[in-house]
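Notes follow the structure.
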Amino acid sequence: FGFVVALNATKGAGGISKRPAKLAGSVVGRMSHQPKQEKALPSAKREALKDHMRKVLRKQHAQAGRLDPSREAASAAPIAPAVAAEDDCTQKVLPTLTSELWSLSLSFLSLGPRVRARSVCSAWAVVGDISQQHLNLRENINIAAMVACPLGVALLSQAKELHVSCTGPTAAAPLRLVLPSMPALEVLQVRHAGLVQFLAENCPQLRCFDFDWDVSHLRLSRFYLSAGPELVQLPPFDTPRLASFGLHALGIANGLDLFGLEAEELFLHCPSAANSIIWPERPLLRRIRRLDVCLGGALNLRRFTGLHGLSVQTDASALELPDAPTLLELCLEAPNLARLDLSEWTAFGELRKLSLRRCCRLQNIQMPHTGELRTASLHAGDALRELKLHLQAVEDLSLNMPSLKRLQLWGCKGLDSHHLAGAISGCPQLQELLLFQCADLQELCILDEVVLRELIVMDLAKLSRANRLSVIRLRALRLHELRLPPLPFRDGGGIQVLELQSPLLTSLDLTALNWIALRELRLDTPSLEDLRMPPRSLGRSAQEQTIFVQSRQLRTLDISGATAISSLTLHLHANNVVFGWPQDHSPEVQVDLTIALPDTEDPLPPPSPFASAICSLKCLGCTLLRPAALVAGASRSSNLAALELSGCPRVRDSDV
């Protein structure tokens with residue numbers, strides 16, 4: 001193998017006759033294209049080549065004055081074949097050529113022979129490392145196969161210079177050049193007539209990029225280059241219509257000319273503040289369907305009226321967005337932006353996905369009042385205090401607004417507790433939550449006190465007369481006001497479960513509830529003073545009902561509309577609480593009654609079907625209960641089977 005490389009070296013120096021040069025080229029061709037079927041030269045031809053090589057090398061070194069007479073005998077010795085020992089190869093072959101010449105010789109070989117050359121000896125391993133830093137991919141190299149195999153990726157990742165060139169007959173085959181991560185690459189030259197796709201995603205050390213658009217643009221449809229701060233200028237762009245054009249260059253600060261560029265997708269990340277962009281002509285801007293830019297300074301994007309997707313990263317304090325009626329996705333990352341107006345329905349009516357990231361100084365945002373918005377991910381800073389958001393449907397809702405005080409949600413088809421709790425958890429200072437026309441909300445369950453720790457007002461009154469809300473379970477420690485949705489038009493609709501834990505709630509209106517639909521009512525509200533219960537309904541409930549009320553201030557409780565109570569628990573500590581006991585009761589349902597009324601003399605229900613249905617009675621802490629009242633109440637409960645007294649000092653065991 002070393003003998004073949006030496007022939008290439010002398011061939012490049014012009015010191016070999018036509019016959020040996022032709023022979024050497026044929027051997028290299030066999031090695032590069034058929035590495036597993038290499039054949040040795042006939043012995044006579046091999047010896048003739050060796051003799052000729054000695055003469056040529058002696059002549060060259062003598063002319064250069066580097067031939068030592070004392071080593072003439074050593075140079076006259078036979079050249080070792082590829083299987084010779086490492087020391088013999090180092091002494092008889094390598095000292096006759098410089099490392100640069102060996103590196104240049106190896107650079108003309110294909111991948112297989114070049115890698116095998118590194119295993120000949122230690123000196124050749126060093127030379128092989130040098131040659132791998134300068135890769136020249138020509139017509140006879142299968143570039144696509146090289147990029148796809150692990151061996152080719154390993155070589156490319158170490159290269160400092162890469163030249164891709166193919167303009168001959170082999171350029172008829174299309175090439176998708178997708179380069180791997182090349183952290184050491186400094187020089188990249190591309191001149192390929194069959195190039196269809198060019199993708200170089202990670203070249204942080206690239207400082208020289210030469211792309212021959214005249215040759216390479218014939219079939220090119222996608223172009224993307226990601227370079228570091230060392231790349232400060234680019235060749236002029238002169239391209240036909242591309243499907244996608246992308247450029248990520250941190251060091252370009254002296255302007256970028258895109259006047260002749262025509263693409264359907266444009267990705268441009270040049271965040272230098274001094275950068276000035278010469279955009280394409282207006283008709284070409286209208287053809288761009290997706291725009292992704294990261295630029296410094298003020299941005300005016302009004303002429304991009306044909307966009308379907310827009311992503312903007314900027315440090316500017318002002319931003320002019322396009323009036324694009326077909327815009328579907330919008331993503332903004334603007335730390336210095338103070339005001340954002342998206343209320344124009346003709347421009348943002350078709351918007352389906354909105355993302356705001358790191359908008360730390362945003363103070364005012366105006367959203368479309370109607371439209372097709374379905375996904376919203378909004379991250380703002382401490383300056384934003386109020387948000388009004390309309391969603392046609394909820395596919396994803398994420399809010400990160402640490403100082404938001406008031407939130408209004410409109411529409412929101414498909415909204416559920418998971419979406420709502422996830423959104424509210426990103427607003428730790430939220431005090432008011434208002435839901436409008438959210439007819440699809442079926443359950444509102446937020447029992448984590450951290451989520452609603454600052455909530456004061458929850459307004460569901462304008463949810464919709466066609467709402468399907470049936471379950472409400474809330475734990476809000478600071479809640480002062482809760483407005484329930486109206487009773488829906490459909491039969492059997494309305495809230496079936498209401499569970500509320502709120503120590504500061506003082507007033508609650510339940511007149512929008514329906515006793516026939518209500519299955520469970522649990523109110524743990526120690527400060528509740530005013531409770532307006534649902535009115536009586538015609539007919540009886542078809543399902544058993546559970547009622548739990550706890551309050552220190554409530555003086556009046558009317559449950560006369562309940563007709564199928566199976567469990568009733570009352571913890572009321574006000575003086576002489578006035579009750580409205582049920583008058584009608586389903587005979588199939590038995591009642592478990594638990595009362596804790598310390599300041600009420602006669603806490604038991606009067607004679608009624610409800611009193612007759614009591615099968616279990618627990619009196620806990622009824623300090624004013626007298627034996628006569630207990631006997632009278634128990635005698636009205638014909639089905640009474642269990643009686644438990646605790647904390648009733650006026651009733652003795654003998655009385656029982």
Residue count, the stretch 166-225 (criterion: more than 23 Å from A263 (Cα to Cα) and touching a His at 6+ places or on another chain (Cβ under 6 Å)): 1
Residue in the stretch 274-330 that is modelled with the lowest pLDDT, counting only those that are of a type in the set (S, T, N, Q) and closer than 24 Å to G251 by Cα: N275
Flag for L399 being closer than 25 Å to F304 by Cα and under 18 Å from the mean Cα position of the chain (by Cα): no
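Okay, residues lined up against (1) buried (at least 18 other Cβ atoms within 10 Å of the Cβ); (2) touching a strand residue (DSSP E or B) at 6+ places or on another chain (Cβ under 6 Å):
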{"position": "Q437", "(1), (2)": "no, yes"}
{"position": "L447", "(1), (2)": "no, yes"}
{"position": "D459", "(1), (2)": "no, yes"}
{"position": "L474", "(1), (2)": "yes, yes"}
{"position": "Q501", "(1), (2)": "yes, yes"}
{"position": "T506", "(1), (2)": "no, no"}
{"position": "L513", "(1), (2)": "yes, no"}
{"position": "A517", "(1), (2)": "yes, no"}
{"position": "L523", "(1), (2)": "yes, yes"}
Which listed residue, of K405, K353, is basic (K, R), farther than 27 Å from L460 by Cβ and either touching a Gly at 6+ places or on another chain (Cβ under 6 Å) or surrounded by 16 or more Cβ atoms within 10 Å (Cβ to Cβ) (or both): K353
Residue within the stretch 261-273 that is of a type in the set (A, V, I, L, M), modelled with pLDDT of 85 or more and assigned to a loop (DSSP other than H, G, I, E, B) present: no
Residues satisfying the stated conditions in the stretch 285-305, i.e. in contact with a Lys or Arg (Cβ under 9 Å, 6 or more places away or on another chain) and open to solvent by 10 Å² or more (accessible area, probe 1.4 Å): R286, R287, R303, T305
Spans of strands (runs of 3 or more DSSP E) in the stretch 536-651 with at least 2 residues free of Cβ contacts under 8 Å to residues at least 60 places away in the same chain, of a type outside the set (V, I, T) and closer than 20 Å to L518 by Cβ: 545-551, 556-558, 565-572, 578-580, 591-596
Unique residue being of a type in the set (A, V, I, L, M), assigned to a loop (DSSP other than H, G, I, E, B) and more than 23 Å from A334 (Cα to Cα) when the list is L284, L231: L231
From R465, R478, residue being assigned to a loop (DSSP other than H, G, I, E, B), within 20 Å of L510 (Cβ to Cβ) and more than 31 Å from the chain's Cα centre (by Cα): R465
The stretch 570-587, residues that are open to solvent by 40 Å² or more (accessible area, probe 1.4 Å) and under 55 Å from the mean Cα position of the chain (by Cα): H571, H573
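Residue-wise test of (1) in contact with a helix residue (DSSP H, G or I) (Cβ under 8 Å, 6 or more places away or on another chain); (2) charged (D, E, K, R); (3) surrounded by fewer than 15 Cβ atoms within 10 Å (Cβ to Cβ); (4) assigned to a strand (DSSP E or B).
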site	(1), (2), (3), (4)
V153	yes, no, no, no
S157	no, no, no, no
L188	no, no, no, yes
N202	no, no, no, yes
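Here's the yes/no breakdown for (1) assigned to a strand (DSSP E or B); (2) hydroxyl-bearing (S, T, Y); (3) within 18 Å of the chain's Cα centre (by Cα):
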position: D315; (1), (2), (3): no, no, no
position: D323; (1), (2), (3): no, no, no
position: L327; (1), (2), (3): no, no, no
position: S343; (1), (2), (3): no, yes, no
position: A383; (1), (2), (3): no, no, no
position: L389; (1), (2), (3): yes, no, no
position: G422; (1), (2), (3): no, no, yes
position: C427; (1), (2), (3): no, no, no
Any hit, the stretch 419-429, residues being touching a Pro at 6+ places or on another chain (Cβ under 7 Å), open to solvent by less than 60 Å² (accessible area, probe 1.4 Å) and farther than 24 Å from L328 by Cα: yes
The stretch 245-260, residues that are part of a strand (DSSP E or B), closer than 17 Å to L206 by Cβ and within 28 Å of the chain's Cα centre (by Cα): G246, L247, H248, A249
Residue among L258, L266, L247 that is within 14 Å of F304 (Cα to Cα) and either open to solvent by less than 70 Å² (accessible area, probe 1.4 Å) or not small (G, A, S) (or both): L266
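The values are calculated or read from the model by the stated rules, or taken from the named source; none is laboratory data. Model, not experiment: these values are computed from the prediction. Here Cβ is always computed from backbone atoms with ideal geometry, including for glycine, and neighbour counts include all displayed protein chains. SASA here: full protein model, heavy atoms, side chains in, ligands and nucleic acids out. Shrake-Rupley method; radii C 1.70, N 1.55, O 1.52, S 1.80 Å.
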